[in-house]
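The structure under discussion appears below in the form of structure tokens.
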Amino acid sequence: MSTAAAERLLPSPERLGRPLIIGVVNATPDSFHAPSRVPALEDAVALGLRLVGEGADLLDVGGESTRPGSAAVSVDEELRRVLPILEALAKKTSVPLSVDTSKAAVALRALECGASVLNDVTALRGDPRMTEAALRYPVVLLMHMQGTPRTMQEAPAYRDVVAEVRDFLSERLLSFVRAGGDPARVWLDPGIGFGKALEHNLELFRRLEEFAPLGRPLVVGASRKAFIGRLTGTPEAPLPSELRLEGSLAAACRAAAAGAHAVRVHDVAATRRALEVYCRLLPGRGGRA
């Protein structure tokens, strides 16, 4: 697919007047935000269609949890979880679909089932066949993660988190290009919460503008994450992510202020409303009476 065709898959933030909103559909029993867990096919499809109705510009379907401490699942299990959902959603909505996977076999099958965006939290480093699979996708989202989901929160350390994450993303972009990939198809994600302590997440947010020199769309995924709970003093149990909506909206607005191309969220309707108001308040933006 040409770069022009890839760009037509999704509306531009400039036309929308806000970042794109990526709605999360977790076909898992153990993702960290309980309301996003929809392992049953009917429930997952219903959630996806609801998020589209609320204003999602893209749906991201995942079949393997990447929460801190999570264990990997088999290729067969991940295929069983995500393919029926992608097939069903592709028939019921024209909103583009993303598959959240680090397995080439899943990525290739998902492409056949209607996915047009590949979201790989390993940035094509895990499966040796993943770059080959990514070359077939119109859009490839590369994310930074220190360690693995099982180990990433075991004392993460950086000398300069922004510089190190930016250098990593630059290297992964270059690696994709050297393999024959079109850089115009790549989106980049600094990986909020993936192998970062509270101070690392805060530093990334404070310096998001420093990713602009990479020249590629920036995606920020901070929705309902633990650092928000730590900032607001909300309890970790029994429902650790339930009291983090307001903080998630603030994070989405900060991402918008920094020029983020997209935000990946659980709460599409609330995020859309917050962004539409916030972006209208920025200098140089028009407002409706």
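Side notes on the structure shown:
- Considering only N201, N119, N26, the Gaussian network model of the chain with Cα springs below 10 Å gives its largest mean-square fluctuation to N201.
- Residue with peak Gaussian network fluctuation, the chain [Cα springs, cutoff 10 Å], from C279, C253, C113: C279
- Among the trypsin sites (Lys or Arg not before Pro) in region 86-171, those placed in a DSSP loop whose Cβ has at most 10 other Cβ atoms within 10 Å are R159.
- With 0.36 nm allotted per residue and the present C-alpha distance subtracted, the L198-D43 stretch has 52.5 nm of extension available.
- Rolling a 1.4 Å probe over the protein heavy atoms gives region 154-289 an accessible area of 48 Å² per residue.
- Size estimate for region 94-174 follows the Kirkwood approach: the inverse of mean 1/r over distinct Cα pairs works out to 13.5 Å.
- Counting only whole DSSP H helices of the chain, the ones at least 24 Å long by C-alpha along their axis and with mean Kyte-Doolittle hydropathy no lower than -1.0 are 75-92, 161-178.
- Carbon and sulfur %, accessible surface of the chain computed with the full protein complex present, 1.4 Å: 53 percent
- Using a Förster distance of 35 Å, the FRET efficiency for L174-A105 (Cβ separation, nearest 0.05): 0.85
- Taking every DSSP bridge with both residues inside the chain, close to 0 percent are antiparallel.
- Computed lengthening from E77 to E132, 0.36 nm per intervening residue step minus Cα-Cα distance: 17.6 nm
- For region 164-265, applying the loop criterion from DSSP together with a ceiling of 16 other beta carbons within 10 Å to the GluC sites (Glu not before Pro) yields E236, E242.
- Choice from V177, V140, V99 with maximal GNM fluctuation in the chain (Cα, 10 Å cutoff): V177
The values are calculated or read from the model by the stated rules, or taken from the named source; none is laboratory data. The structure presented is a predicted model; accordingly, all values stated were derived computationally and were not measured. Heads up, the Cβs are rebuilt from the backbone with ideal geometry, glycines too, and the neighbour counts pull from every protein chain shown. Please note that ligands, DNA and RNA were not included when accessible areas were found on the heavy atoms of the full protein model with its side chains. Shrake-Rupley method; radii C 1.70, N 1.55, O 1.52, S 1.80 Å.
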